1. Identify all lysines with a Cα-Cα distance to LYS118 below 22 Å; exclude those on the same chain that are fewer than 8 residues away in sequence.
2. Nearest 500 deg cm²/dmol is fine: what mean residue ellipticity at 222 nm does the chain get from its DSSP H runs of n ≥ 4 alone, each adding -39,500 (n - 2.57), divided by its residue count?
3. Round to the nearest 10 and give me the degree value, 0 to 90, for the angle of helix 16-28's Cα axis relative to the longest principal axis of the chain.
4. Please tell me the relative contact order of the chain in percent, rounded to the nearest whole number, where contacts are Cα pairs under 8 Å and at least six residues apart.
5. Using Cα atoms only, what is the angle between the long axis of helix 64-76 and the major principal axis of the chain, expressed in degrees (0 to 90) to the nearest 10?
6. Please report the antiparallel percentage of the DSSP beta bridges confined to the chain, to the nearest 5.
7. Once you charge only the Cβ atoms, +1 for Lys and Arg and -1 for Asp and Glu, what is the size of the charge dipole of the chain about its Cα centre, to the nearest 20 debye?
8. Contact order normalised by length for the stretch 31-92, with contacts defined as Cα pairs under 8 Å and 6 or more residues apart; what percent is it?
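Every read-out reported here was derived from the displayed coordinates using simple, explicitly stated rules and does not represent laboratory data. Just so we're clear, the structure is a prediction, and the values are computed from it rather than from any experiment. Backbone-built Cβ (ideal geometry, glycine too); neighbour counts: all protein chains shown.
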Amino acid sequence: MMKAAFIQFNPVFGEIEGNIGKAVTLIERTGAELIVLPELFNTGYLITSKEEAFDLSEPLPGGKTTEALSAIAREKNVHIVAGLIERQGENLFNSAVVIAPSGYLGKYRKIHLFNEEKLWFQPGDLGFHVFDIGICKIGVMVCFDWFFPESMRTLALKGADVICHSANLVLPFCQDAMITRCLENRVFAVTANRTGTEDRNGKSCHYTGRSQITGPNARILYRAGAETDEIGIAEIDVNLSRDKNLNRFNHLFLDRREAFYH
Ligand code: ACM
């Protein structure tokens, strides 16, 4: 058994130091081996220009956010998945960093960009990747990736036990949809959403909170409130996600009829 957690809060736009500080304070209070933070947790979400996004971006690895998360991961002996703006040359990506107690482990670049994100970010080009963190295998995706069933299917087929899902959800559907996503892939998922409303330059975004840990048997293991700062923790038995037998005759992956899926 292992413990996985999300941290839900209301990041303040552009206040990178303050947002990192808040996240670190909450991580210190979280007794779990795996902790997921929201999408763009350190910067806020509602970007209004490419220049602004560039100013808020960091190289990955090497930026101050990776450094701060690595320090707390080492101190608390935890793995952390967290969303941030990655800069590579002139290109920006909506990325998630994976941090181990020993430091930077890898990154994921959001593949399915949502709405105006397409104005600032390049679509992810690294594919869906599974990281073996010893206690389990984690697959990483970011927010709107949930809308495409192929995202979680690909991660499940690659052997993920737990989907780490950093999110800034604005639509009300994901939390319920994750019940089916987890059932159809027999995996756990930790959806770390943010709360609050951002109003910037005539634009507004409201985030739906209700971060959720979902189990393979269509069970919600933890669902947060819509507005609260909240740490959600659940016990996870990876044997459940590794057994893809539905009954004596049905195996989730071996029963796939790929010849008919084109
Ligand atoms: C989203 O992908 N942040 C809705």
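1. Excluding near neighbours in sequence, the set is LYS50, LYS107, LYS110, LYS203.
2. For the chain, the value works out to -6500 deg cm²/dmol.
3. Helix 16-28 sits at roughly 40 degrees to that axis.
4. On the way: 633 pairs, mean separation 51.8, N = 262.
Value for the chain: 20 percent.
5. Relative to the chain, helix 64-76 is tipped by roughly 50 degrees.
6. Percent antiparallel among DSSP bridges in the chain is about 70.
7. 820 debye
8. Value for the stretch 31-92: 54 percent.
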